[in-house]
There are 4 protein chains.
Amino acid sequence: METKKFDVAIIGGGIIGSSIAYYLAKEKRKVAIFEAQQMGGKSTSAAAGMLGAHSEYKEFMQLYPFARSSQLLYKELYEEIKELTTIDFEKKNGGLLKLAYSEEEKRDLESILSLSSVEWLDCTEAREKVPQLAADIVGAAYLKEDVHITPLIACNGLSKGAKLLGAEIYEYTRVLRVEKNGMGYVLKTSQGTFLTDNVVVASGVWSNYFFQQLGLPHEIIPVKGECVAALNDGAPLHYSVFHDQFYIVPRNNNELVIGATKKWNDWTEDPSLDGLQEVIKKAKRMIPEVGKMKWKRAWAGLRPQTYDGYPFIGEHPEMKGLYFATGHQRNGILLAPATGKMIRDLMIGSPVEKRWVDAFKVERHDFMHREELSN
Amino acid sequence: METKKFDVAIIGGGIIGSSIAYYLAKEKRKVAIFEAQQMGGKSTSAAAGMLGAHSEYKEFMQLYPFARSSQLLYKELYEEIKELTTIDFEKKNGGLLKLAYSEEEKRDLESILSLSSVEWLDCTEAREKVPQLAADIVGAAYLKEDVHITPLIACNGLSKGAKLLGAEIYEYTRVLRVEKNGMGYVLKTSQGTFLTDNVVVASGVWSNYFFQQLGLPHEIIPVKGECVAALNDGAPLHYSVFHDQFYIVPRNNNELVIGATKKWNDWTEDPSLDGLQEVIKKAKRMIPEVGKMKWKRAWAGLRPQTYDGYPFIGEHPEMKGLYFATGHQRNGILLAPATGKMIRDLMIGSPVEKRWVDAFKVERHDFMHREELSN
Amino acid sequence: METKKFDVAIIGGGIIGSSIAYYLAKEKRKVAIFEAQQMGGKSTSAAAGMLGAHSEYKEFMQLYPFARSSQLLYKELYEEIKELTTIDFEKKNGGLLKLAYSEEEKRDLESILSLSSVEWLDCTEAREKVPQLAADIVGAAYLKEDVHITPLIACNGLSKGAKLLGAEIYEYTRVLRVEKNGMGYVLKTSQGTFLTDNVVVASGVWSNYFFQQLGLPHEIIPVKGECVAALNDGAPLHYSVFHDQFYIVPRNNNELVIGATKKWNDWTEDPSLDGLQEVIKKAKRMIPEVGKMKWKRAWAGLRPQTYDGYPFIGEHPEMKGLYFATGHQRNGILLAPATGKMIRDLMIGSPVEKRWVDAFKVERHDFMHREELSN
Amino acid sequence: METKKFDVAIIGGGIIGSSIAYYLAKEKRKVAIFEAQQMGGKSTSAAAGMLGAHSEYKEFMQLYPFARSSQLLYKELYEEIKELTTIDFEKKNGGLLKLAYSEEEKRDLESILSLSSVEWLDCTEAREKVPQLAADIVGAAYLKEDVHITPLIACNGLSKGAKLLGAEIYEYTRVLRVEKNGMGYVLKTSQGTFLTDNVVVASGVWSNYFFQQLGLPHEIIPVKGECVAALNDGAPLHYSVFHDQFYIVPRNNNELVIGATKKWNDWTEDPSLDGLQEVIKKAKRMIPEVGKMKWKRAWAGLRPQTYDGYPFIGEHPEMKGLYFATGHQRNGILLAPATGKMIRDLMIGSPVEKRWVDAFKVERHDFMHREELSN
């Protein structure tokens, strides 16, 4: 039997890998995704899906513009994928309220309030939008563009779109080894050997194995997040709310997704009782009536954290055709379109903004204006 | 403590009761829903959600026009509820293909093919729309208006809409007894006593208890349906497909909902192994590759069947202000808007088409043109 | 078709109804159980299964001896049912530690410490038995006889035992009405009419409907309890632990069952976020490392509470052959055997201890030595 | 931080790895288990747990005696682990009936019928033991020693036992690489580096990665099995039944575990609709009333198959201190104790039966009396 050969082999079938596959398949590249478990089954399905370009960043040089460009890409992707696959990302408009409980917390919001798409609401105005909010807030930054989607469905839409454009998807297929082979690569997998011109490692926290195997000292740290879902039998929540890294996001099926803890270097993928207790406490701080709601589910996921808070998006410093796209921390859903597009552009030779190339490149050492590791 | 009093008390929080509540709340009636378990938790959540006005009926005098009017009402309800509550019914356009495997089956489709919104596709045309279809079909009736929604979400949307307009919702509240009380009624429930001017019994198969308690000989027969969901990891399915009472309906989250058996007078609410075996077999007859797909879930629900296949929508023959809205058989989701509107119109004195009043009234005995009990 | 006729019709297929059925079927009575949902699916399956004759009672005149006799009956039932059905109740020996965090709490334990089967352990001794215990306990009462079982399995065993001895089980069958019929009764159910000489109402909190329908003013109040299960990946827990109405009970499959809140007059059957937060907090107070454990599930159940804390076990004051067996509060599992035996003895005319007849009879008004409503 | 060092590092936390850990921990070896996901979460939890020494083998030179010795070891392990950890393997006595539907099938049973512990039952006798059996059987071989246990619980018991004796358990820890290091080995894992004198690869089908990395051409083929569980609301099943590689096994909680398909080289870990249809059909062939039972769950697991049907239990031909224990096909539960004991004996230098050493050694090529690959 002849060995299959691809233009691009993507390792990891989460939303990052699926987005890359979609952008490359649109360029008629022969793409394959290799996923060790089920598509989107790990960090992607654990995410809440806020497209929080504004809520997530205090730094406006590299990451915010990249995030904002990704947020805007979602608008066209949403329509494209729906047309192509009938899959609807379940985009919920309305945006997000970032709460302040003190003048100090209000001051912390000043940098994002300077953006034209962000508006300050005092307590009364905020509670007009979300009457369920705790009465003791000072106010909230209203980030009207920070809408949200349902991550696993978006991942499905992107991978199914890629598939319809010719990509192949290998689930339950573990890549054991990537080896140089002439101008290209050999992939040894649990289901046989494949040839490919290019490789993209998009395996989230599990990318460490490939950094190591491919001779790089890089390391991704897991930051475990624990979440719960509650059934909202009260008035609908028209906006997401956010405070102190915790959030409440309304889903279309009446559920509120509430998260998330941050446990550094914790590789376990189950929620702990401590974690759930903390999540519930924080949610009630934002919307007290959440405590009365019906419990539905709990889960956990691992966010891939880099040493400086920037993702790795770029080529291996020495091995041409071998790319990394990982380390998106808590913003993998938001950054998936811009990451897919950037990898595509790097691969096909289209221009990419230099500040992003520099900020996200694998071989970077340090930066003048490194973002404070606030998230 | 003073006893609470309502204009209308609705017994049953499925999609029928929720629709009635919504239409009445819009008219500023003070409405309460009493649901013995969770809102939408029984037959509503078990349904596939096809709005099959055309696929379901061979009779065009009463039920088809009623069903068609209900189908059309969904278009405006969809927008209204989304605006009011942010809840999106997850309407999937595309419509439905009703398959024929022989000339005889094709002839059975003739009556619906005479409708302007229905089109005949030969085998090739049908497989252009749905390449996954079995190759041995003769063709299919394409019912482009028979789109589908996600039933539990539609039920949530309607009840939440009603609530925002003032309705009260009592979950886990069993109505034990309805008693005449002057011009109105007393409801004795597991959670206390309530007064109301009007009562609507909308409890599906569980309406029998109230027929009996209120002196009527009517009986609803359960027709149990068993379903499975599969994960579609192949090409998306852009249409629902239907054959011999079985169907495959694509959901937005990549799942295919497949159903359903018909077990007369079976009150158990769990799927049986026999049932699932039959469902899988029928699904593979329509789309062979379904057999390779991943199993997700199985469930069952009870359809409320009347002796003549028509629902009971109307007033008790002797007790003014006491209404029934039950017996919708396998079309409760489709008929919910028209039922809600009809009960509203009967109650507020707006005109209702006489043929529907006559066909669905509780005290009917027989009909000249009774639909054959094909479903 | 002839109407079926039974010697005894039991309404309610939880552990109380199943135990009654078993004891009566052993006496060759022709028994039927009518269960509105699934056997054991409500309060029985929500229970932790501690046979806490000693941990639960401060009163030693009526309830403790009754509970203790029931605890002893489990020893023979366990063997009998295993022999007959192969079902093993999963009895875990070891018993229970009732913790004291202060001298005052220790004093509260004095009454049970006077019992010969109960032993005081100081902090060191208690932590020899359960090294995971919080270090700041003063000590614990060690109730070595208060072992536990898995409630749903015990219920299954009893009902399957009854069935093998001739009982009939009607699941998903709601009893709508009990009517006097000559010397016996007619049961109108959702699945037809049945005749019976005797009726036993054993429907937990849902018995209210029958009290009302049968002309009695009695009322059962639900006391909702919320629970969680954690996966114990640490050292095994050889004992149950208990403090301030909360408990941690080890199951055979490595899970710890942790409960339970007490919410008066709450009829909802889902756990709330508030409830789970409280359960976790209380569990960590007893065994701090529980916080690190993996979350598994959450659920809730309704305990049937009477006005005076005693169950109703006895005949209707005016209707011969009509019995009640409900109101066991949080001790339904423990009291099931003694309740089954007492109903059997009342029905077949065997002697029953007078103090129990008097304490539990339906028509009682008040008692000289009423137990303080501490539970 | 100093690198941790163990006497033995076991890769894989299923029942094979857990048994090895237990036997070595009893010998005071410093043991660690590295499990990529949760302990017992893959093939172990998918297994039915029949200890089918007699039902599984037609060959009596190597595997049957090994299997039989393992079956006998369970008797002592059962008591030991219960004493040490309180965990009860849920052993169900009764044994197994291997059905014959024709004289030919009866002849196929002749070899096991020659064993003293196996008895032939004609149709009447078989149906006395299991009245639910299909009426058209010719008879059954009654294998009274082939009892069954609950696999995940046995795995928990063994690993918890090992832990109490000093073993360390690393869940969610993927071993990326095993490297020679002086007289011992270095393990590079997703959670850091460890040193060890000995390594045991016990990763079922996922052992392939280590064969490859360690320079061996061996390959394990997955044979996927799909299963369903039904709720037995009829008479209890006192025996397991077996026919044509399919089985029905009663669990203590009233469930029947029914399996299993055999799909060669299928790495997906979800059940397919085809698979479930086949399982249900085969189960009904044995016990027709299974079709009426309530559906509970479906799942799948991957059996590790070697080229000749024998497991690999032994040392790497060139790397001292590096062992394999994998390839147990559908008998991993049954063979776990004997495998654990054999690895222990090889490692500590105790005698092991030569025929087993030869039959299971990693570097074997072929055998004179190779078992026919019937399973």
**Q.** Matching residues, the range D:1-29, being in contact with a helix residue (DSSP H, G or I) (Cβ under 9 Å, 6 or more places away or on another chain) and among the basic types (K, R)
**A.** D:K26, D:R29
Q: For the range C:150-159, state whether one or more residues are assigned by TED's automatic domain parsing to the domain that holds C:K30, farther than 30 Å from D:S18 by Cα and in contact with a strand residue (DSSP E or B) (Cβ under 9 Å, 6 or more places away or on another chain).
A: yes
Q: Give the residue, chosen from A:K42, A:K82, that is under 17 Å from A:S18 (Cβ atoms) and touching an Asp or Glu at 6+ places or on another chain (Cβ under 6 Å).
A: A:K82
**Q.** Selection count where residues are outside any helix (DSSP H, G or I) and surrounded by 18 or more Cβ atoms within 10 Å (Cβ to Cβ), scope the range B:8-33
**A.** 11
Q | Any hit, the range A:265-275, residues being over 30 Å from B:C155 (Cα atoms), in contact (Cβ under 8 Å) with a residue 24 or more places away in the chain and more than 12 Å from chain C (Cβ to nearest Cβ) | A | yes
Q. If you take the residues of the range B:85-120 that are touching a residue at least 12 places away in the same chain (Cβ under 8 Å) and of a type in the set (S, T, Y), which of them is surrounded by the fewest Cβ atoms within 10 Å (Cβ to Cβ)?
A. B:S102
Q. When you scan the range B:133-152, how many residues do you find that are out of contact with any Gly (no Cβ under 7 Å at 6 or more places or on another chain) and touching a residue at least 24 places away in the same chain (Cβ under 8 Å)?
A. 8
(Q) So in the range D:245-258, with the set limited to residues that are buried (at least 24 other Cβ atoms within 10 Å of the Cβ) and in contact (Cβ under 8 Å) with a residue 60 or more places away in the chain, which one is farthest from the other protein chains (Cβ to nearest Cβ)? (A) D:Y247
Q: Name, by its number, the condition in (1) surrounded by fewer than 19 Cβ atoms within 10 Å (Cβ to Cβ); (2) over 30 Å from A:V130 (Cβ atoms); (3) touching a helix residue (DSSP H, G or I) at 6+ places or on another chain (Cβ under 9 Å); (4) in contact (Cβ under 8 Å) with a residue 40 or more places away in the chain that does not hold for A:V200.
A: (1)
Q.
I'm checking my understanding of the structure. Among residues of the range A:229-240 that are outside any loop (DSSP other than H, G, I, E, B) and of a type in the set (A, V, I, L, M), which one is farthest from A:K282 (Cα to Cα)?
A. A:L231
Q) Taking the range B:153-191, which residues are under 15 Å from B:F34 (Cβ atoms), out of contact with any helix residue (DSSP H, G or I) (no Cβ under 9 Å at 6 or more places or on another chain), touching a residue at least 12 places away in the same chain (Cβ under 8 Å) and of a type outside the set (D, E, K, R)? A) B:Y170, B:Y172, B:T173, B:Y185, B:L187, B:T189, B:Q191
Q. Do we find that B:S45 is assigned to a helix (DSSP H, G or I), in contact with a Ser or Thr (Cβ under 7 Å, 6 or more places away or on another chain) and within 30 Å of A:G234 (Cβ to Cβ) in this structure?
A. no
Q.
Quick check on my filter: what residues within the range C:1-28 are without any contact (Cβ under 8 Å) to a residue 24 or more places away in the chain and either within 14 Å of chain B (Cβ to nearest Cβ) or among the basic types (K, R) (or both)?
A. C:M1
Q. List pairs: first in the range C:283-303 and facing chain A (nearest Cβ under 7 Å) and basic (K, R), second surrounded by fewer than 23 Cβ atoms within 10 Å (Cβ to Cβ) and part of a strand (DSSP E or B), Cβ under 9 Å, 6+ apart or cross-chain?
A. C:K294/C:L231
**Q.** strands (runs of 3 or more DSSP E) wholly inside the range A:109-228 containing at least 1 residues that are within 11 Å of another protein chain (Cβ to nearest Cβ) and aliphatic (A, V, I, L, M)
**A.** A:168-170, A:175-181
Q.
Which count do you get for residues in the range D:59-100 that are in contact with a helix residue (DSSP H, G or I) (Cβ under 8 Å, 6 or more places away or on another chain) and within 29 Å of D:P131 (Cβ to Cβ)?
A. 11
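The values are calculated or read from the model by the stated rules, or taken from the named source; none is laboratory data. Note that the coordinates shown come from a computational prediction; the quantities given were computed from them, not determined experimentally. Neighbour counts are summed over all protein chains in view; Cβ atoms, including those assigned to glycine, are modelled from backbone coordinates with ideal geometry.
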